[in-house]
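See below for the structure under consideration.
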Amino acid sequence: MVSLNDLPQPAKNIARIVFLIIVIAIFVAIFQFGKEYLISKGYLSSTNIPRKAFIQDLKFDYKIIRVVDGDTLEIKRLDGKAVEDVEKVMKVRLIGINSPELVDPRRPVECFGKEASAYMKNVAEGRVAALEFDFTQNKFDDYGRLLAYIFVKDSGLADNNVRFLNEEMIKEGYAYEYTYNYPYKYQAQFKLLENTARINYVGLWSTNTCSGLKTPVGSPAN
């Protein structure tokens with residue numbers, strides 16, 4: 001077996017460079033895995049700002065008055081003013097997610113649509129909320145719905161327990177990651193969470209539910 005010392009100097013240099021590249025690649029992979037694990041567990045936001053500090057800057061000025069389905073809500077301001085100076089009650093479409101269809105009259109109800117809507121009602125309806133907008137996206141969609149990330153408190157303004165609804169719906173397997181036209185702020189995080197939910201068969205990814213397919217209710221899964 002040829003040792004490194006037996007090689008000519010140019011070959012030794014190449015071998016050392018290859019070894020160094022392999023070591024660096026291993027350290028990068030370990031770092032990335034650790035970072036993604038912390039994001040998936042909620043200890044870090046995808047902006048690399050500790051979540052606690054990030055949440056302290058949010059303004060909980062809204063109340064969720066109705067859940068339309070798993071990715072669309074109706075809100076109003078707590079001070080009674082018009083939302084974004086448009087209407088006092090406004091629909092909000094959550095950025096970066098797409099839940100199975102439930103209410104669109106043009107399309108059939110999809111597998112896990114009812115479950116996604118029920119889960120959203122349980123964690124969101126009646127809660128105080130904060131909105132985060134994304135400069136990479138339009139302010140409103142083609143249907144006049146406000147586009148935002150939504151954070152809610154479980155039991156009033158004094159509550160320190162904050163849920164990130166867009167993130168939670170993907171993490172718990174009630175929605176798919178969804179990119180419309182342009183990458184958005186939390187895209188990498190949401191894709192990671194979707195993949196984690198998928199490989200762990202969570203929610204709509206389970207073989208006992210939809211196997212990740214947007215199958216109309218009443219149709220065979222495959």
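Entry remark, the stretch 63-85: residues being loosely packed, with under 15 Cβ neighbours inside 10 Å and free of Cβ contacts under 8 Å to residues at least 40 places away in the same chain number 5 in total.
Within the stretch 194-208, track down each residue that is closer than 15 Å to Glu115 by Cα and either crowded, with 19+ Cβ neighbours inside 10 Å or under 16 Å from the mean Cα position of the chain (by Cα) (or both). If the condition is that a residue be closer than 15 Å to Glu115 by Cα and either crowded, with 19+ Cβ neighbours inside 10 Å or under 16 Å from the mean Cα position of the chain (by Cα) (or both), then Val202, Gly203, Leu204, Trp205 are the ones that fit. The single condition among (1) at pLDDT below 95; (2) of a type in the set (A, V, I, L, M); (3) closer than 19 Å to Leu73 by Cα that Ala148 does not meet is (1). The residues in the stretch 128-142 that are in contact (Cβ under 8 Å) with a residue 24 or more places away in the chain and over 19 Å from the mean Cα position of the chain (by Cα) can be counted, and the count is 1. Out of curiosity, is Asn181 assigned by TED's automatic domain parsing to the domain that holds Glu132 and touching an Asp or Glu at 6+ places or on another chain (Cβ under 9 Å)? Spelling it out, it is not the case that Asn181 is assigned by TED's automatic domain parsing to the domain that holds Glu132 and touching an Asp or Glu at 6+ places or on another chain (Cβ under 9 Å).
The values are calculated or read from the model by the stated rules, or taken from the named source; none is laboratory data. For clarity, every value in this text was computed on a predicted model and none was experimentally measured. Please note: Cβ atoms are built from the backbone with ideal geometry, for glycine as well, and neighbour counts cover all protein chains shown.
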